[in-house]
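Trainee: Next up is a structure, given as structure tokens.
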Amino acid sequence: MDLSISLFIAASFAVLCTFYIGKRILTVDFSEYSSENSKKAKLERLLAKKDTPLQNSKIRKDIRNAFERILIPLGKADQKLLPARMDMAFRKKIVSQINRLNRNKLCRKIYVTDVVPIPKNDFETWSDDGREWRESVLMCSTLERFESTEDNKVQHEIYRKNSYLRILQSRHIRSADRKEKKKSYYSDMLKITCPSCGASVKLDSQQVTCEYCGAVIKNEFYDWQTESFEIYESISTNLKRFLQLLVSGSILFLCVFLCLYLIEDTEISLAAGVGAAVLAFGVIITPIICGKIKQERLAGKIVRYSENFLRACLNEYFLKNESDKDMLDFSVDTIKLLKVANTDEITKVTAEIYGTKTFLPENQKPFTKKIKKKLTLQRARNPEKRKTDGDFFTEKECPSCGANFMPDENGCCSYCGYTLHEDSIKWKIKS
């Protein structure tokens with residue numbers, strides 16, 4: 001078949017197929033291009049006066065509080081405003097960031113507008129052995145500003161139209177309650193009976209005072225502990241699907257064109273072109289699927305594997321070993337397991353770590369670098385297995401509830417379920 005005719009037929013066939021599929025998977029929404037969604041209008045809404053960053057965002061109070069307990073301390077560069085319950089590595093990271101901002105006499109204000117909760121106005125919850133987790137991701141528009149604490153002058157700003165705010169929190173599950181295999185634990189623990197006078201007391205903070213008798217009641221066990229906070233930008237789902245459709249259409253066009261040009265019979269060439277395109281898609285998709293299966297298989301070899309806990313250990317390691325005084329923030333983005341080796345005593349893991357570093361040099365604009373590291377980590381194979389308690393638990397206070405640490409059969413606090421994190425539990429970076 002002639003070159004021009006082959007090009008015309010292949011292009012027409014690819015466009016028709018792309019249009020047919022796109023009509024079913026793409027959502028055409030011209031409101032994105034309206035005047036109220038322009039950058040100027042969004043900036044006006046972002047900079048409108050608010051008492052708190054998420055005021056009038058129409059999201060649930062507990063979700064709003066979870067985000068604002070991090071956004072407000074950063075906006076005022078005041079570590080005293082940080083919540084009491086935070087992962088230790090995460091707290092050190094935020095405190096280090098605030099100290100760096102104070103040295104430069106700056107604060108990091110994050111303005112938020114047009115919040116669209118994903119997929120609905122709620123937390124996603126799950127349990128992971130001894131912990132219950134919850135995560136919320138808010139799609140919104142944000143303006144991140146580094147402002148001078150002396151004259152409020154803006155040193156640097158980042159506008160993100162399609163921004164995502166992510167918060168990750170966890171809390172302990174008592175051993176006695178783990179056996180029930182619930183999806184969500186203690187969600188109904190909003191009120192308790194005052195042990196002093198018997199009145200009903202609402203648990204709305206880490207420490208509450210009975211309004212009837214004045215008794216002070218600590219409820220640290222039921223409080224959520226903040227593990228991670230992230231702000232990032234991503235292309236919209238519609239644009240992502242459009243780009244995938246464009247690549248697929250290009251592959252289909254190329255395969256059909258080559259078959260039409262090389263094979264004289266039109267019907268056979270079209271069938272061969274479609275078959276070649278399907279084969280090409282398979283070659284591209286198969287390694288991706290196999291990679292995911294391999295990651296699941298390797299993770300299954302690790303006793304009580306938690307990617308969130310591994311990420312916390314890595315953040316703690318990089319925070320301790322980072323010598324650059326200009327570093328403002330560090331985050332671990334993706335962990336790719338390469339190899340897992342088990343012995344009777346330890347688990348050794350080789351992994352590729354992908355992350356980002358944000359730097360704030362003195363009197364300069366902040367900038368970000370992407371990093372990739374190949375690390376070997378190891379940990380006790382069964383981190384909760386102990387040969388003997390000995391004198392280890394004698395007169396030791398539980399770091400969660402303050403009670404005398406009397407371990408149950410799983411080595412957890414008999415009162416609140418907290419597990420003492422020994423060196424055997426944490427991942428150690430060997431090389």
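The values are calculated or read from the model by the stated rules, or taken from the named source; none is laboratory data. These figures come from a predicted structure and were not determined experimentally. Backbone-built Cβ (ideal geometry, glycine too); neighbour counts: all protein chains shown. Just so you know, the surface numbers come from the protein's heavy atoms only, side chains and all, with ligands and any DNA or RNA stripped out. Shrake-Rupley method; radii C 1.70, N 1.55, O 1.52, S 1.80 Å.
Trainee: For the cross-link pairs LYS58/LYS373; LYS105/LYS357; LYS40/LYS61, which exceed 32 Å when the distance is taken from alpha carbon to alpha carbon?
Mentor: Details: LYS58/LYS373 41 Å; LYS105/LYS357 21 Å; LYS40/LYS61 29 Å.
Correct reply: LYS58/LYS373.
Trainee: Positive end of the charge dipole of region 249-355 (Lys, Arg +1 and Asp, Glu -1 on Cβ, about the Cα centre): tell me which of ILE288, LEU260, ALA276 has its Cα farthest that way.
Mentor: Farthest towards the positive end: ILE288.
Trainee: Right, here's the next one. For region 320-366, what does the relative contact order come out to in percent, with C-alpha contacts under 8 Å and a separation of six or more? Before the final figure, lay out each step's value.
Mentor: Numbers: 63 pairs, mean separation 20.0, N = 47.
Relative contact order here is 43 percent.
Trainee: Can you pull the one-decimal nm distance between simple spin-label points at LEU3 and THR266, each 7 Å off the Cα toward Cβ?
Mentor: So the two model labels end up 2.2 nm from each other.
Trainee: Now, a different point. Could you rank the peptides 334-345, 246-257, 135-146, 369-380 by their average count of other C-beta atoms within 10 Å per residue, with the highest value first? Please report the intermediate quantities before stating the final value.
Mentor: Values: 334-345: 13.1, 246-257: 18.6, 135-146: 20.2, 369-380: 14.7.
My ranking of the peptides, most packed first, is 135-146, 246-257, 369-380, 334-345.
Trainee: Tell me the Kirkwood radius of region 224-350: reciprocal of the mean inverse pair distance over distinct alpha-carbon atoms, in Å.
Mentor: Numbers: mean 1/r = 0.0511 Å⁻¹.
For region 224-350, inverting the mean 1/r across all distinct Cα pairs yields 19.6 Å.
Trainee: Calculate the translational D of region 1-155 in whole µm² s⁻¹ from Stokes-Einstein, where the hydrodynamic radius comes from the Kirkwood formula applied to all Cα pairs, the temperature is 4 °C and the viscosity 1.567 mPa s. Intermediate values should be presented prior to the final figure.
Mentor: Working: Rh = 19.6 Å.
Value of D from the Cα-based Kirkwood radius: 66 µm²/s.
Trainee: Contour minus end-to-end for LEU243 and ALA41, with contour as 0.36 nm per residue of separation and end-to-end as the Cα-Cα distance? Can you show the working numbers first?
Mentor: On the way: separation 202, 0.36 × 202 = 72.72 nm, distance 2.76 nm.
Going from the current span to full extension adds 70.0 nm.
Trainee: Still on this structure, I have one more. How would TRP427, TRP224 line up by accessible area, probe 1.4 Å, largest first? Walk me through the numbers before you get to the answer.
Mentor: Values: TRP427 15, TRP224 45 Å².
Reading off the accessible areas and sorting them downward yields TRP224, TRP427.
Trainee: A further question on this structure: Using amide H atoms built 1.01 Å from N in the peptide plane, name the residues 5+ places from TYR232, or on other chains, whose amide H lies under 5 Å from its own.
Mentor: TYR164
Trainee: Quote the Stokes-Einstein diffusion coefficient, in whole µm² s⁻¹, for region 33-85, based on the Kirkwood radius over alpha carbon pairs, a temperature of 4 °C and a viscosity of 1.567 mPa s. Display every interim value, and only then the final one.
Mentor: On the way: Rh = 12.8 Å.
The Stokes-Einstein estimate is 101 µm²/s.
Trainee: Then there is this: Please state, to two decimals, what the Cα-based radius of gyration of region 89-166 comes to when divided by 2.2 N^0.38 Å (N = residues).
Mentor: Its radius of gyration relative to the 2.2 N^0.38 Å reference: 1.41.
Trainee: Using just the alpha carbons, could you tell me how many Å³ per residue the convex hull of region 327-379 encloses?
Mentor: Details: hull volume 3.6 nm³, N = 53.
Once divided by residue count, the hull of region 327-379 is 68 Å³.
Trainee: OK, next. Once each part is reduced to its C-alpha centroid, what is the distance from region 225-253 to region 55-129 in angstrom?
Mentor: The distance from the Cα centre of region 225-253 to that of region 55-129 comes to 25 Å.
Trainee: Now for a different question. Where nothing but the Cβ of Lys and Arg (+1) and of Asp and Glu (-1) is charged, how large is the charge dipole of region 80-133 around its Cα centre, in debye to the nearest 20? Provide the component values of the computation, followed by the final result.
Mentor: Numbers: 12 positive and 7 negative charges, 160 e Å.
Here the size comes out at about 760 debye.
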